Amino acid sequence: MNEITTFKKGGIHPPDSKIFTKNKEIRNANIPSIAYIPMHQHMGKPAECIVEKGDIIREEMLLGKATGFFSANIHSPIPGKVVDIKEIYLPSGMKSNAVIIELAGEFDRAGKSSSKKSWENLSPKELIDKISDMGIVGLGGATFPTHIKYTLKEGFRLEYFIINGVECEPYLTADHRLMLEKTEEILEGIQIVKKILGPENIIIGIEENKPDAIDTMQRLIADKKYDIEVVPLKTKYPQGDEKQLLQSIINREVPSGGLPLDIGSVVSNVGTIFAIYEAIVYEKPLIERIVTVSGSLVKNPGNFKVKIGTKISELIEECDGFHEFPAKIIAGGPMMGFAIHDVDTPVIKGMSGIIALSKKEIGSSQDTSCIQCGRCLRACPLGLSPTVLFKLIEHNRFEEAKENGLFDCKECGCCGYVCPARLPLIQGMKLGKIMSKKLAKKE
Ligand code: SF4
Ligand code: SF4
């Protein structure tokens with residue numbers, strides 16, 4: 001096995017808590033009788049709704065069309081009838097217009113076998129167009145439209161295509177299971193992206209707490225004689241962040257305000273690669289994803305293939321509910337996810353997990369004063385000074401916060417995790433960014 005590597009600055013080691021689901025095979029979740037499909041499930045402009053109340057919908061039909069440069073198509077996960085179109089809350093607390101579909105009629109794909117399409121003769125442009133048509137976005141959480149990420153400037157020389165199989169958030173095991181159960185499909189997906197991007201090097205980064213995934217990938221790559229390297233990485237949060245991942249694997253730093261492309265790299269999550277495989281090989285739009293439902297309070301936790309638009313409450317029911325009502329339910333991982341207040345919020349493209357935590361697991365939420373211990377400074381992977389930023393924001397000194405790197409903050413949560421005073425540091429960073437943007441707009 002290769003040498004175990006990691007990023008240099010900061011980082012933390014929360015208990016990985018993956019034991020609940022890491023050995024649970026992916027199961028198909030029940031088909032929802034009503035699906036809630038938001039038009040805003042990606043970074044950029046919401047898709048433009050192209051259906052009306054009363055319309056009859058086929059499975060995988062286009063419901064929302066990408067508008068403008070940064071947007072993505074939205075398709076129907078089920079056949080049925082549009083019973084309403086209204087604003088609903090997303091897990092982030094933002095609102096989005098959503099198409100509500102009542103299940104009816106026949107499925108065109110689900111439960112039927114479909115034949116593989118050959119893609120080897122398609123041009124990079126044709127492959128990108130198909131990825132765009134199928135509404136593929138980054139499934140690691142960022143939901144960046146993939147067709148935009150893969151559209152490189154003419155003549156650009158891509159040195160590294162990095163596949164992110166890190167899944168460093170505690171509890172989550174969706175990517176881990178995908179790497180074990182869909183290894184061949186992921187490797188074919190990588191060949192598709194190789195044709196699009198033409199990178200000089202292809203590397204998969206996987207944390208060392210998934211030795212079975214590292215081993216399975218390495219064995220199949222050797223069997224198929226693919227030119228792909230698997231790099232085992234130290235288990236350290238936030239190893240899966242693009243900046244930290246690139247530092248760990250290629251020892252280069254993405255500049256402040258920059259992108260991986262600035263250092264000759266493109267990074268994609270393994271879930272995204274699997275979605276690309278399905279989009280190209282089966283012409284299947286992004287209508288479902290793998291979601292981990294976990295936490296000590298969940299009676300029967302697991303990994304599920306879930307139709308987008310399924311209510312979180314239905315997934316919890318499929319896990320036989322809770323031992324006791326949780327103090328917090330989080331959409332995504334516990335470090336970067338969103339606490340949700342309504343379990344009828346739907347699963348969306350960027351939702352990798354639903355985690356139910358007890359009061360004991362979330363710890364005391366009572367904040368005291370900063371004791372200048374410096375732990376947040378040592379934990380910040382970007383070398384920022386969270387305590388200084390927090391104070392500047394508290395005193396409405398947004399311009400100075402900006403100068404001190406506020407917009408470099410990835411909201412990874414490391415500072416808040418180690419803070420003995422339980423200060424709401426991440427909430428402070430989020431608020432600071434919102435206020436700073438508002439002020440800039442005014443000016
Ligand atoms: S949330 Fe921001 S300031 Fe805090 S550790 Fe992460 S990057 Fe640093
Ligand atoms: S970790 Fe908390 S208490 Fe310690 S310096 Fe940072 S903000 Fe202050």
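Within segment 84-106, residues that are farther than 13 Å from Pro38 by Cβ have Cβ atoms under 6 Å from residues that are surrounded by fewer than 17 Cβ atoms within 10 Å (Cβ to Cβ) in these pairs: Glu102/Lys81; Glu102/Val83; Leu103/Ser33; Ala104/Lys81, counting only partners at least 6 apart in sequence or on another chain. Among the residues of segment 14-25, is any crowded, with 17+ Cβ neighbours inside 10 Å, in contact (Cβ under 8 Å) with a residue 40 or more places away in the chain and not in a loop (DSSP other than H, G, I, E, B)? No, that holds for no residue.
Within segment 236-263, the set of residues being of a type in the set (Ser, Thr, Tyr) and either without any contact (Cβ under 8 Å) to a residue 40 or more places away in the chain or part of a loop (DSSP other than H, G, I, E, B) (or both) comprises just one member, Ser256. Total residues in segment 226-249 satisfying the condition of being touching an Asp or Glu at 6+ places or on another chain (Cβ under 8 Å) and among the hydroxyl-bearing types (Ser, Thr, Tyr): the figure is 2.
Out of the residues in segment 226-260 meeting the condition of being more than 15 Å from Lys9 (Cβ to Cβ) and either within 16 Å of ligand 2 (Cβ to nearest atom) or among the β-branched types (Val, Ile, Thr) (or both), tell me which one is surrounded by the most Cβ atoms within 10 Å (Cβ to Cβ). The extreme case among them is Ile249. Assuming Gly363 fulfils every condition listed in (1) small (Gly, Ala, Ser); (2) closer than 30 Å to Lys391 by Cβ; (3) in contact (Cβ under 8 Å) with a residue 60 or more places away in the chain; (4) out of contact with any Asp or Glu (no Cβ under 7 Å at 6 or more places or on another chain) apart from one, which condition is it? Failed condition: (3). Restricting Glu394, Glu411, Glu399 to those that are farther than 29 Å from Ser296 by Cβ and more than 15 Å from ligand 2 (Cβ to nearest atom) reduces the list to Glu399.
A quick yes/no check of all residues on (1) over 17 Å from Asp241 (Cβ atoms); (2) in contact with a Cys (Cβ under 7 Å, 6 or more places away or on another chain):
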position: Gly374; (1), (2): yes, no
position: Pro386; (1), (2): no, yes
position: Gly405; (1), (2): no, no
position: Cys412; (1), (2): no, no
position: Tyr417; (1), (2): no, no
position: Met429; (1), (2): no, yes
position: Ala440; (1), (2): yes, no
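Can you report the number of residues in segment 305-331 which are surrounded by 22 or more Cβ atoms within 10 Å (Cβ to Cβ) and in a loop (DSSP other than H, G, I, E, B)? Selection size over segment 305-331: 3. Restricting segment 337-371 to residues that are within 16 Å of ligand 1 (Cβ to nearest atom) and closer than 15 Å to Val418 by Cα leaves a set whose member that is surrounded by the fewest Cβ atoms within 10 Å (Cβ to Cβ) is Asp367.
Residue-by-condition table, conditions (1) over 23 Å from Ala331 (Cα atoms); (2) within 11 Å of ligand 2 (Cβ to nearest atom):
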residue	(1), (2)
Ile354	no, no
Ser358	no, no
Thr368	yes, yes
Ile371	yes, yes
Val388	yes, yes
Glu403	yes, no
Gly416	no, yes
Arg422	no, yes
Leu439	yes, no
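Within segment 282-302, the set of residues being out of contact with any Asp or Glu (no Cβ under 7 Å at 6 or more places or on another chain) and under 18 Å from Leu178 (Cα atoms) comprises Tyr282, Leu286, Glu288, Arg289, Ile290, Val291, Thr292, Val293, Ser294, Pro301, Gly302.
Among the listed residues Leu389, Leu439, Leu431, identify the single one that is more than 30 Å from Asn303 (Cβ to Cβ), touching a residue at least 24 places away in the same chain (Cβ under 8 Å), away from ligand 1 (no atom under 13 Å from the Cβ) and not in a loop (DSSP other than H, G, I, E, B). Going through Leu389, Leu439, Leu431 in turn, just one is more than 30 Å from Asn303 (Cβ to Cβ), touching a residue at least 24 places away in the same chain (Cβ under 8 Å), away from ligand 1 (no atom under 13 Å from the Cβ) and not in a loop (DSSP other than H, G, I, E, B): Leu439.
Here Tyr226 clears all of (1) outside any helix (DSSP H, G or I); (2) in contact (Cβ under 8 Å) with a residue 60 or more places away in the chain except the condition numbered (2). Put simply, of Ile56, Ile19 the only residue that is under 30 Å from Glu87 (Cα atoms) and more than 16 Å from ligand 2 (Cβ to nearest atom) is Ile56.
Of all residue pairs spaced 6 or more apart or on separate chains, those with beta-carbon atoms under 9 Å, a first member in segment 153-178 that is farther than 18 Å from Asp241 by Cβ and a second member that is of a type in the set (Ser, Thr, Tyr) are Leu158/Ser265; Glu159/Ser265; Thr173/Thr21; Thr173/Thr292; Thr173/Ser294; Arg177/Thr21; Arg177/Thr292. Determine the pairs where a residue that is surrounded by 24 or more Cβ atoms within 10 Å (Cβ to Cβ), located within segment 275-304, has a partner that is at pLDDT below 95 and among the aliphatic types (A, V, I, L, M) with Cβ atoms under 8 Å apart, the partner being 6 or more residues away or on another chain. Between residues of segment 275-304 that are surrounded by 24 or more Cβ atoms within 10 Å (Cβ to Cβ) and residues that are at pLDDT below 95 and among the aliphatic types (A, V, I, L, M), the close pairs are Gly295/Leu357.
The values are calculated or read from the model by the stated rules, or taken from the named source; none is laboratory data. This one's a predicted model, so the numbers in the text were calculated from it and none came from an experiment. Here Cβ is always computed from backbone atoms with ideal geometry, including for glycine, and neighbour counts include all displayed protein chains.
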